[in-house]
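The next block holds one structure in the form of structure tokens; read it before the comments.
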Amino acid sequence: MKVIVVGSGRVGAALAQDLCRRNQSVAVIDPDPGAFSRLGPDFQGRMIHGLGFDRDALLRAGIEQCDALAACTSNDNANMVVARIARDVFRVPIVIARLYDPARRPLYHNLDVQVVCTTLWGAEQMVSLITHPQWQVVGTLGNGEVQVVQIRVGRALAGRTVGFLSEDRALVVVGFTRGSQTCIAQPDQVLEQGDLVYLGLDVTANESVLHQLVGNGREVAA
């Protein structure tokens, strides 16, 4: 897969490094040559000096053949411009923009651009940890309508099956972690105390469903 990352800040550099570790072909664009130092000496991708919305820089990065572009600068307006050029001019199949201001998210969606709102995601994580330490939101889908939530199996759920968790409840068991191994959940899988279970559920049913499983700070039997 050929990917262009626009912006070699902390997020862009971390993304580019991770993609390279996954053996993807990566090109990073940034107007500041010093920013490439964040990529580290072992970075195997290409470094393009230039502006992310400059046609020449994009062509040198290989945008005509790329499969995905991530606009990761610290400027929402710049990210939107880069994303629109990638999508509308070069027809890049996958275009993602980093977003700081949550109020701008509807605009991006109206433009049919996928966004990752780090500000909103961080706030949601903190709210979850403060108000419900017994479970943790680890991801969202769409505009946040569906959440992926992690719970830890205690004594009340130990010995139950994965199928029991989703029985008569508005959730789907996505997977679970036992020790250092994470697996796709099977209905007949028996849970053990200490397992981490990942649930997908409607955000409107979040609290009522999870309270049935873990109660106020501890698990409860069904």
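Given a cut-off of under 8 Å on Cα pairs at least six residues apart, what relative contact order in percent is computed for segment 2-120? Mind dumping the intermediate values first?
On the way: 238 pairs, mean separation 26.9, N = 119.
Reported relative contact order: 23 percent.
How far, in nm, would the chain grow between Thr140 and Asp67 when pulled straight, counting 0.36 nm per residue and subtracting the alpha carbon separation?
Length difference between fully extended and current span is 23.9 nm.
Can you give me the distance in nm between label points at Arg178 and Arg21, each placed 7 Å from the Cα along the Cα-to-Cβ direction?
2.6 nm
Based on DSSP H runs of at least 4 residues, each adding -39500 (n - 2.57), what is the mean residue ellipticity at 222 nm of the chain after dividing by all its residues, to the nearest 500 deg cm²/dmol? Don't skip to the answer; put the middle values down first.
Details: 7 runs with 61 residues, N = 222.
Helices in the chain give a 222 nm mean residue ellipticity of -7500 deg cm²/dmol.
Stick to the Cα atoms of the chain, pair each with every other, and give me the Kirkwood hydrodynamic radius in Å at one decimal.
On the way: mean 1/r = 0.0513 Å⁻¹.
Every distinct Cα pair counted, the radius reaches 19.5 Å.
Just subtract the alpha-carbon distance of Asp188 and Ala103 from 0.36 nm times their residue separation and send over the number in nm, one decimal. Mind showing how you got there, number by number?
Working: separation 85, 0.36 × 85 = 30.60 nm, distance 4.35 nm.
Using 0.36 nm per residue and subtracting the Cα-Cα distance, I get 26.3 nm.
Report the equivalent ellipsoid semi-axes for segment 2-120 in whole Å, largest first, defined as the square roots of five times the eigenvalues of the gyration tensor built from alpha carbon atoms.
Numbers: eigenvalues 89, 50, 32 Å².
In descending order the semi-axes read 21, 16, 13 Å.
Counting only DSSP beta bridges with both residues in the chain, tell me the antiparallel percent, nearest 5.
Details: 24 of 45 bridges.
Taking every DSSP beta bridge within the chain, about 55 percent pair in antiparallel fashion.
Quick check: pseudo-label points 7 Å beyond the Cα along Cα→Cβ at Arg60 and Glu167, how many nm apart are they?
Going by the 7 Å Cα→Cβ label model, 6.3 nm.
Can you give the FRET efficiency for Asn110 and Val89, using 1/(1 + (r/R0)^6), R0 = 22 Å, r = Cβ-Cβ distance, to the nearest 0.05? Show your work: numbers first, answer last.
Numbers: r = 18 Å, r/R0 = 0.84.
Plugging the Cβ-Cβ distance into 1/(1 + (r/R0)^6) gives 0.75.
Before anything else, pin down the relative contact order of the chain: Cα pairs under 8 Å, at least 6 apart, normalised by residue count, whole percent.
Working: 425 pairs, mean separation 28.8, N = 222.
Relative CO of the chain lands at 13 percent.
Order of Phe36, Phe176 from fewest to most other C-beta atoms within 10 Å?
Least crowded to most crowded, the residues run Phe36, Phe176.
FYI, it's all coordinate maths here, none of it is from the lab. The shown structure was predicted, so the numbers you read here are calculated from the model rather than taken from an experiment. A quick note on method: Cβ atoms are made from the backbone with ideal geometry, for glycine too, and the neighbour counts reach across all protein chains shown.
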